[in-house]
Structures are given as structure tokens and as C-alpha cells.
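Asker: Attaching a single structure in C-alpha cells format; questions to follow.
Nothing in this text is a laboratory measurement; each read-out follows from the coordinates by a stated rule. From a predicted model like this one, the values you see are computed outputs, not experimental measurements. Every residue, glycine as well, gets a Cβ built from its backbone with ideal geometry; the counts of neighbours run over all protein chains shown.
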Amino acid sequence: MLSKRIIPCLDVRDGKTTKGVKFQGNIDIGDPVEMARFYYQEGADEIVFYDITASSDHRDIMIDVVRRVAEEIFIPFSVGGGIRTIEDMRRVLLAGAEKVSVNTAAVRNPEIIADGARAFGSQCIVLGMDVKKVEISRKIPSGYEIVIHGGRTYMGIDALEWAKQAENMGAGEICLNSIDADGTLQGYEMNLTSLISENVNIPVIASGGAGNIDHIYDVLTKGKADAALVASIVHDGTYTVKQIKEALHAQGVKVRMRW
Amino acid sequence: MIAIIDYKAGNLSSVERALKKLDFRCLITQRREEIMSCERIIFPGVGAAGRAMSDLKRLGLDEVLRHEYNAGKPILGICLGAQIILERSRENEAECLGLIKGSVELFPRQFFSEEKDRLKIPHMGWNSVNLRKGHPVLEGIAPADEFYFVHAYYPLPASDEYVFGTTCYGIEFASAIGYNNLIAVQFHPEKSGKAGMRLLERFCTWDGRHAE
């Protein structure tokens with residue numbers, strides 16, 4: 001039986017993680033390669049990197065990070081942020097990433113999903129979705145709308161329709177981020193997660209809101225998510241990936257326990 | 001030296017990096033002489049069976065693989081490389097290499113786990129491998145070891161004789177198959193952490209023979 005995945009997420013700017021990880025005596029480590037290796041050894045099933053580098057002049061730094069990560073860890077990892085063209089995808093994949101994720105670029109130009117899937121295979125293409133809860137309307141029948149710019153710009157696109165369209169165009173996976181829940185530590189957006197997950201036939205990674213292990217348990221069971229993204233709660237040392245997996249395992253969730 | 005066969009089917013650099021980490025020398029190649037001069041062969045692959053087979057034929061690598069297989073050289077198939085060694089694939093209804101008797105089938109469109117959860121396609125993520133019989137390359141895999149899978153089609157050998165390991169995803173399918181000097185796994189050992197690295201290491205020291 002397939003295991004549920006626990007996926008640490010690292011934001012990287014100019015080659016450094018924006019939030020260090022505290023471990024081994026609370027030492028802050030801002031090197032994404034070191035952090036990836038740490039989570040790999042702790043039992044992470046996959047790692048997600050978001051390049052939030054503002055200047056496109058510095059993109060080569062991220063490619064170098066990807067290359068160095070690929071030499072150190074032998075589990076899948078994905079890279080998102082700033083992927084706008086097929087050529088951007090190619091560089092990241094050739095540097096050693098297993099997957100690329102597209103978010104804003106796909107909202108603006110959905111064809112990039114189909115083009116990417118044709119060029120590299122669906123298994124490489126992750127659709128990142130930033131979603132906010134809104135009034136149900138004719139335009140947004142699910143009550144969940146696609147947003148960009150960290151939630152500041154509403155795109156008038158229904159989240160459920162967008163997820164289905166992206167699946168049809170060849171996305172291999174969805175990373176579903178609730179802007180409402182993100183950073184609250186109050187739990188994942190359960191309704192949104194189960195709604196999307198039950199209506200597409202590709203895996204859904206839940207993102208945004210994890211504050212404790214119960215939240216992760218809930219989203220992987222009632223929320224029907226295939227994987228859970230974790231950020232603050234592992235970076236700030238509240239839990240280790242190992243502790244999260246041990247607790248889930250004890251509650252009967254199938255997770256990979258040997259690494 | 002280990003030849004990683006390059007027929008433009010997916011990213012081969014992850015296999016190369018894993019072997020380098022293990023201190024084995026390897027080269028990514030599609031040249032007949034180079035492949036034939038290597039001690040062993042890794043046959044990876046991501047993508048569609050039809051395209052992969054036409055690329056293999058265009059490069060003349062189908063014949064090279066058959067020749068090396070018959071010569072007794074250890075060969076490891078990975079993912080698509082564990083599928084197109086069979087006789088035919090439902091994917092593109094492709095005629096395949098036929099090194100092992102059997103076919104490649106598609107998971108059902110709608111199917112369910114024992115817990116009645118709807119299962120998604122592709123089968124993507126970590127799953128275990130139940131060993132059905134001993135094999136030098138698979139030695140030491142524990143029931144709790146898991147491997148990284150990404151696939152919508154699965155190998156269906158014509159006889160249990162070829163099945164060394166199985167995996168459950170709605171159905172129980174053959175995830176490790178082999179015959180003589182050929183062993184092939186549906187999962188990606190190069191993406192499967194330490195368990196995968198151990199498997200690669202065992203392949204890199206395997207003489208192509210079975211203990212029994």
C-alpha cells in the first residue's frame with residue numbers, strides 16, 4: 001500500500017534559506033543543501049524548494065543549489081518559483097530535480113502545463129495552487145478562488161475547475177496551498193483539500209496551516225491528501241520529521257518508517 | 001565500468017549521480033562499442049513505451065541489448081526499463097524487446113484499496129516490495145523498506161518464474177522481475193534513499209548469476 005508522504009518545504013532566496021532550521025543545539029543553518037541533507041536523514045519522503053529570489057540575474061544560484069542538493073540526497077525533490085518557460089523547467093530538471101512546480105506562470109499561460117508534460121512527462125509537472133475562500137458565486141461555484149501575489153490578486157478562476165483543467169492538460173500532481181490557513185498554525189484547510197483531492201485523479205499535497213501533528217493526521221485522513229507539506233513546525237524545531245512520522249504510524253497512517 | 005543506456009528517455013543524470021556517490025564508474029552512452037565494452041548495463045527510462053521502443057530501434061540499441069543479454073552481462077532495468085523488456089505494452093500497443101515473456105498492462109481507471117479509498121493514477125510515491133524469492137540484487141530488502149514509484153502501467157510476466165518481488169496498489173503487481181542475468185525493478189532505486197542505494201550497490205557487484 002502506498003505511503004502518505006511528509007514533505008518539508010524550504011524557501012530559498014539568493015541561495016540561502018529564508019528561515020533556518022534549528023537542530024542540534026538550536027544552531028541556525030541557512031544552507032539549503034545542508035538542510036536538505038538533514039531532512040533526508042530524518043526521513044523526509046520528498047523535499048520542496050521554492051526559489052523566491054527576486055532578481056532573475058540570480059537564478060543561476062538556484063541552479064547551483066539544485067545541482068548540489070542532487071549530489072547529496074537520493075529522494076525526489078521539486079523546485080518551484082520563477083519557472084516561466086520550458087527552458088526554465090529543463091534547466092532545473094537537468095540539474096537534478098525530479099519535478100518542477102508552476103503556479104503563477106500556469107495561471108497566466110495554462111499551455112505551459114501541457115508543453116511541460118509533453119516535453120518531460122506528467123510526473124515532472126506539479127501545479128502549485130494558491131487558493132482563498134470566497135463567497136460562492138456563478139463564477140466561483142466551489143467558493144474557492146485562485147489568487148496570486150501571495151493572495152493580493154484575485155484571478156476570477158474557480159479552484160476546483162482549475163485543478164481539473166490542469167489535470168486534463170497533463171499536470172502530474174497538485175500542491176494545494178490555502179492562503180487563509182498559511183502561517184496560522186491552526187491546521188490545514190480541510191474542506192478545500194478534500195474537495196480537490198476527491199475530484200481529481202492525481203495526487204494532492206496539502207499545504208498551509210500545519211501547527212501540530214493532529215493537523216497533519218487530519219489532512220491525510222479526513223482531508224484525503226496524499227502528502228502533507230510542512231514548514232515552520234519542522235524548521236523551528238517544534239517537531240522532527242521523524243517524530244511526525246512516528247506519531248502518524250502509531251495512529252495507523254501508512255508512512256515510510258525505514259530510511 | 002557501467003553503461004547507462006541513453007536513448008533520450010528521461011533524465012539519466014540521477015542514476016549517474018547515485019552510482020558516483022557509491023564510487024562506481026559509469027558512463028551515459030548510446031554507442032554500441034562503449035556499451036559492449038562495459039562490464040554491466042543499466043537500462044533506465046521514463047516516458048511512453050512506443051516512443052522509447054522506436055528510439056531504441058532507431059539507435060540500434062534493441063539489438064545491442066539482446067546481444068548483451070544473451071552474452072550473460074548483468075543488466076538492471078529501471079521503471080520503463082522494467083516494462084519494455086517484456087514482449088508488448090498496452091501503452092501505444094508497442095512491440096517491446098521480449099527478453100522476458102509477458103506484457104505491460106494499465107492500472108484500471110477506477111479502482112480501490114482494501115480500505116475502499118479511491119486509488120489515483122499514476123501510482124506515485126513510496127511503497128514496499130514483498131520478496132517472492134531470493135535474488136542476489138534484492139538481498140537484504142526488509143518488509144519495512146520502501147521504494148519510490150511513478151508509473152501508470154505495470155509489468156505482467158507470463159509466468160511466476162520471472163517474479164522476484166511484488167507490490168500492492170489496488171492489485172498486487174510484479175515490481176521486481178528478472179531472468180538469468182537480467183533483473184528489473186518498476187521503482188526508482190536512485191530516488192529511494194538508502195534502500196535504493198543498497199540495491200544499486202548490490203547490482204554493481206553482481207556477477208549475473210543466481211546462487212541456486
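Asker: Among A:Gln243, A:Ile148, A:Ala114, whose Cα sits farthest toward the positive end of the charge dipole of the stretch A:100-259 (+1 at Cβ of Lys/Arg, -1 at Cβ of Asp/Glu, about the Cα centre)?
Answerer: Among A:Gln243, A:Ile148, A:Ala114, the one farthest towards the positive end of the dipole of the stretch A:100-259 is A:Gln243.
Asker: Calculate how large, on average over all directions, the projected area of the Cα convex hull of the stretch B:102-212 is; give the answer in nm² to one decimal. Intermediate values should be presented prior to the final figure.
Answerer: On the way: hull surface 27.7 nm².
With every direction weighted equally, the projected area is 6.9 nm².
Asker: Could you tell me what a quarter of the Cα convex hull surface of the stretch B:53-140 works out to, in nm² with one decimal place?
Answerer: Answer in nm², one decimal: 7.8.
Asker: Here's a follow-up. Whole-Hz Karplus ³J(HN,Hα) for the stretch B:19-30, in order, using 6.51 cos²θ - 1.76 cosθ + 1.60 and θ = phi - 60°, x for Gly and Pro?
Answerer: So the J values, rounded to whole Hz, are 5, 4, 4, 8, 6, 10, 7, 8, 9, 8, 8, 10.
Asker: While we're looking at this one, here's another question. When the Karplus curve 6.51 cos²θ - 1.76 cosθ + 1.60 is applied with θ = phi - 60°, which whole-Hz ³J(HN,Hα) does each residue of the stretch B:159-166 get, with x for Gly and Pro?
Answerer: Per-residue couplings from phi come out as 9, 4, 3, 8, 9, 9, x, 10 Hz.
Asker: Let me know the volume per residue of the alpha-carbon convex hull for chain A, in Å³.
Answerer: Convex hull volume per residue, Cα atoms: 118 Å³.
Asker: Return the Rg/Rh value of the stretch B:1-77, two decimal places, where both radii are evaluated on C-alpha atoms and Rh is the Kirkwood radius.
Answerer: Working: Rg = 11.8 Å, Rh = 12.5 Å.
With Rh from the inverse mean 1/r over Cα pairs, Rg/Rh is 0.94.
Asker: Turning to a different aspect of this structure: Note the angle between two axes, namely the Cα long axis of helix B:61-70 and the longest principal axis of the Cα atoms of chain B, as a number of degrees from 0 to 90, rounded to the nearest 10.
Answerer: Between helix and principal axis, roughly 90 degrees.
Asker: Another question, if that's okay. Would you mind computing, in nm to one decimal, how far apart the modelled labels at A:Asp236 and B:Ile28 are, each placed 7 Å from Cα along Cα→Cβ?
Answerer: Once both label points are built, they end up 4.2 nm from each other.
Asker: Right, next: Only loop residues by DSSP count here, and only those with at most 14 other Cβ atoms within 10 Å; note down the GluC sites (Glu not before Pro) in the stretch B:1-110 that meet that.
Answerer: In loop regions of the stretch B:1-110 (DSSP not H, G, I, E or B), the sparsely surrounded GluC sites (Glu not before Pro) are B:Glu39.
Asker: May I pose another question? Using the C-alpha gyration tensor of the stretch A:150-226, what are the square roots of 5 times its eigenvalues, in whole angstrom, with the largest one first?
Answerer: Working: eigenvalues 86, 51, 15 Å².
Each semi-axis is √(5λ); the values are 21, 16, 9 Å.
Asker: Follow-up question, since we're still on this one. Name the residue, out of B:Ala142, B:Ala82, B:Ala49, whose mean-square fluctuation peaks in a Gaussian network model built on chain B with Cα pairs under 10 Å.
Answerer: Result for chain B, Cα springs under 10 Å: B:Ala142 fluctuates most.
Asker: Take the alpha-carbon centre of the stretch A:73-100, take the same for the stretch B:1-61, and report the distance between them in whole Å.
Answerer: 21
Asker: I've got another one for you. Where both residues lie in the stretch A:109-259, what percent of DSSP beta bridges are antiparallel, nearest 5?
Answerer: In the stretch A:109-259, DSSP labels about 35 percent of beta bridges as antiparallel.
Asker: Based on the alpha-carbon set only, what is the convex hull volume of the stretch A:80-211 divided per residue, in Å³?
Answerer: That works out to 102 Å³ per residue.
Asker: On the first, second and third principal axes, largest extent first, how far apart are the outermost C-alpha atoms of the protein assembly as shown in Å?
Answerer: Sorted largest first, the three principal extents are 66, 50, 47 Å.
Asker: How do B:Glu139, A:Glu167, B:Glu146, B:Glu115 rank when sorted from fewest to most other Cβ atoms within 10 Å of their own Cβ? Don't skip to the end; give the middle numbers.
Answerer: Numbers: B:Glu139 13, A:Glu167 19, B:Glu146 28, B:Glu115 7.
Least to most surrounded, the residues fall as B:Glu115, B:Glu139, A:Glu167, B:Glu146.
Asker: Taking H placed 1.01 Å from N in the peptide plane, check which residues at least 5 places from A:Val134 or on another chain put their amide H under 5 Å from its amide H.
Answerer: Amide H neighbours of A:Val134: A:Tyr144, A:Glu145.
Asker: Taking 0.36 nm per residue of separation and subtracting the Cα-Cα distance, what length does fully extending B:Lys20 through B:Ser37 add?
Answerer: Fully extending the segment from B:Lys20 to B:Ser37 adds 4.2 nm.
Asker: Out of all DSSP beta bridges in chain A, what portion is antiparallel? Express it as a percent rounded to 5. Can you show the working numbers first?
Answerer: Details: 11 of 41 bridges.
Here the share of antiparallel DSSP bridges comes out near 25 percent.
Asker: Looking at the protein assembly as shown, what % of its DSSP beta bridges pair antiparallel, to the nearest 5? Intermediate results must be reported in sequence, preceding the final value.
Answerer: Values: 39 of 85 bridges.
The antiparallel proportion sits near 45 percent.
Asker: Turning to a different aspect of this structure: Charges only on Cβ, +1 for Lys and Arg, -1 for Asp and Glu: so what's the dipole of the stretch A:60-128 about the Cα centre, in debye to the nearest 20? Could the numbers behind the result be given before it?
Answerer: Numbers: 8 positive and 9 negative charges, 29 e Å.
In total the dipole reaches around 140 debye.
Asker: Sticking with this structure for a sec: How shielded is A:118-125 by partner chains, expressed as the average number of their Cβ atoms within 10 Å of its Cβ atoms?
Answerer: Details: counts 0, 0, 4, 9, 4, 9, 4, 0.
Whole-number average of other-chain Cβ neighbours for A:118-125 is 4.
Asker: Considering the zone a paramagnetic label at B:Ser113 would reach in this model (a point 7 Å from Cα along the Cα-to-Cβ line), which residues of the stretch B:141-180 have amide N under 17 Å from it?
Answerer: Residues B:144-151, B:167-173 fall inside that zone.
Asker: Give me the Debye-computed log₁₀ of I(q)/I(0) at q = 0.13, 0.18, 0.25 Å⁻¹ for the stretch A:22-127, equal point scatterers on Cα only, no solvent, two decimals.
Answerer: -0.48, -0.86, -1.39
Asker: Once amide H atoms are built 1.01 Å from N in the peptide plane, which residues 5 or more positions from A:Val230, or in another chain, come under 5 Å H to H?
Answerer: The answer is A:Ile7, A:Cys9.
Asker: Rounded, prolate or oblate for the stretch B:150-191? Axes are the square roots of the Cα gyration tensor eigenvalues, ordered a ≥ b ≥ c, and the cut-off for rounded is a/c under 1.5.
Answerer: Verdict is oblate for the stretch B:150-191.
Asker: How big is chain B on each of its three principal axes, counting only the C-alpha atoms and giving the largest first in Å?
Answerer: 52, 36, 33
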